[in-house]
Amino acid sequence: FVAYLEDPTGQLSIDAARAADAAGAFQPFNGRGAVNFGLSSSAYWLRFNLPSSTTERYLLEVAFYALTDVRLYYPDGTMVVTGQHQSASQRPWPHRHPVFPIAAGSDESAQTYFLRVASVGSLTVPLRLWRESAFLEHVQVSYFVLAAYYGAALALLFYNLFLFVSLRERKYLLYCGFLLFLTAAMSILNGFGAYFFEPLGWPARLGTNTFFALSAVFAIWFVRDFLEIRTRLPRVDRLLLGSMAVFLVIAAAPVFDPPIRVVVATISVLGAITAPVLLAVTAWCWRAGYGGARYLLLAWAVMLIAIMIQALRNFGIVPTNDLTYYLLQFGSLLDMLLLSFALADRVQIDRRKREQAQTEAIAAQEALVQGLRASEQRLENEVALRTEALRDALERERGVLNRYVEFGALIGHEFRNPLAIVRNQAESAEMELSRGDVCPAHRITRIRRAAERLQTLFEQWLQSDRLRTPKPALDLERVQLDAW
């Protein structure tokens, strides 16, 4: 029931719009779902008729946060202006979306309304006409759902932040960064920027693109760290690093003030490219048996579907309805939960690996102890054998020493006899010479025989064979003592 007129220059007045409507320039919107003109720089005029046959007041909701300039022209000529960056207190109705009260008419005829919309981003104009009582009930239900969403996101954020403080694992901090920026982007996407950020002087151009880009940076970083892509797939890792760099440039776009439509188109295309790459990498790691990859694969599959539909909706290819509009939000919550399950699964796998490693370490320690005990036993046996061998060697040395002493005593005795003979005969010869007697020949003969005996003894003594012989070989024979 809506007709529209494109205003490429954005300079068309309400009188000119009424004149164009009278001339039949407005075209009926026959698209599927809500009114969506995609990423357009034109302003659009929407014309619709509302019956005034009832006294009940209605509320017209334009259920998209990012419309920069929204103006409703009432049949009586009154104009109400609102937009994305208008604070909640200054809006025609205090709500996260632009909402206009529609009063009852004074006659039975239909009342014609004109709605002018313009935006620096996507021109999505979901129009809903509410009875005031139904709208208030809808607000309470929707805020309850959103509170549950943000409560779950904050619970996951603080829980994983606590895990990071306790375990000092970097992947938990990266997951917290992903949660933080994704939740901030969703808060702006749900229209809460006018409540929370505008009173703080939040820059008008710093919105969902920056936060979505930063959440993408942390998501890619998390996958690289979680799946160890740098060592497993170095070429893919360089591609992911390039995607992170582009997302960082998009996050810093408000500093350079590029056209928002260019930024939205870039982040939509880049997200549609990066998500399948992450999905393929995760699938490869899952097939390789990497722990936690199965939940990560499901998380990226859900997020891929949500990002693709969001990108197609931004370009006006997919119709805008409750499913396509809130799919990214529900997909992000499911993605958060699945990533948390992936972390939990990874922790459990790491714990099992640590337990297995501890068991193997204990077994290795026991084997080492048994080996040390066996080595100690072998060493003791070797020491005992060596000790016994040393004892035997010592006994042999003692035997050799004793034989040497005995042999020395025998040799000493044998040496003294010929020496005594020599000394005795020499003294006798000297005595005879002193008396003037002639030295008899038998004395010289005895001295010579004694000298020969000494030479023989020396030769036998110098032979080492006798020392090695345990018992000297004696030539025993009987003699008559008297004759001897």
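The values are calculated or read from the model by the stated rules, or taken from the named source; none is laboratory data. Because the structure is predicted, anything quoted here is derived from the model rather than measured. Cβ sites come from the backbone with ideal geometry, for glycine too, and all protein chains shown count toward neighbours. Accessible surface areas use protein heavy atoms only, side chains included; no ligands, DNA or RNA. Shrake-Rupley method; radii C 1.70, N 1.55, O 1.52, S 1.80 Å.
Is it the case that E380 is within 60 Å of the chain's Cα centre (by Cα), over 30 Å from A450 (Cα atoms) and assigned to a helix (DSSP H, G or I)? Yes: the conditions hold for E380. Would the range 210-225 turn up any residue that is in contact (Cβ under 8 Å) with a residue 40 or more places away in the chain, in a helix (DSSP H, G or I) and touching an Asp or Glu at 6+ places or on another chain (Cβ under 8 Å)? Looking for residues that are in contact (Cβ under 8 Å) with a residue 40 or more places away in the chain, in a helix (DSSP H, G or I) and touching an Asp or Glu at 6+ places or on another chain (Cβ under 8 Å), one finds none in the range 210-225, hence no. Filter the range 84-99 down to residues that are small (G, A, S) and assigned to a helix (DSSP H, G or I) and give me whichever is least open to solvent (accessible area, probe 1.4 Å). Within the range 84-99, the match that is least open to solvent (accessible area, probe 1.4 Å) is A88. Of all residues in the range 117-164, those satisfying the criterion of being charged (D, E, K, R) and open to solvent by 70 Å² or more (accessible area, probe 1.4 Å) are R131, E137.
Screening A219, A283 for residues that are at pLDDT 75 or above, under 19 Å from Y175 (Cβ atoms) and open to solvent by less than 40 Å² (accessible area, probe 1.4 Å) leaves exactly one candidate, A219.
Within the range 402-442, the residues that satisfy the criterion of being among the aliphatic types (A, V, I, L, M) and open to solvent by 100 Å² or more (accessible area, probe 1.4 Å) are M431, L433, V438.
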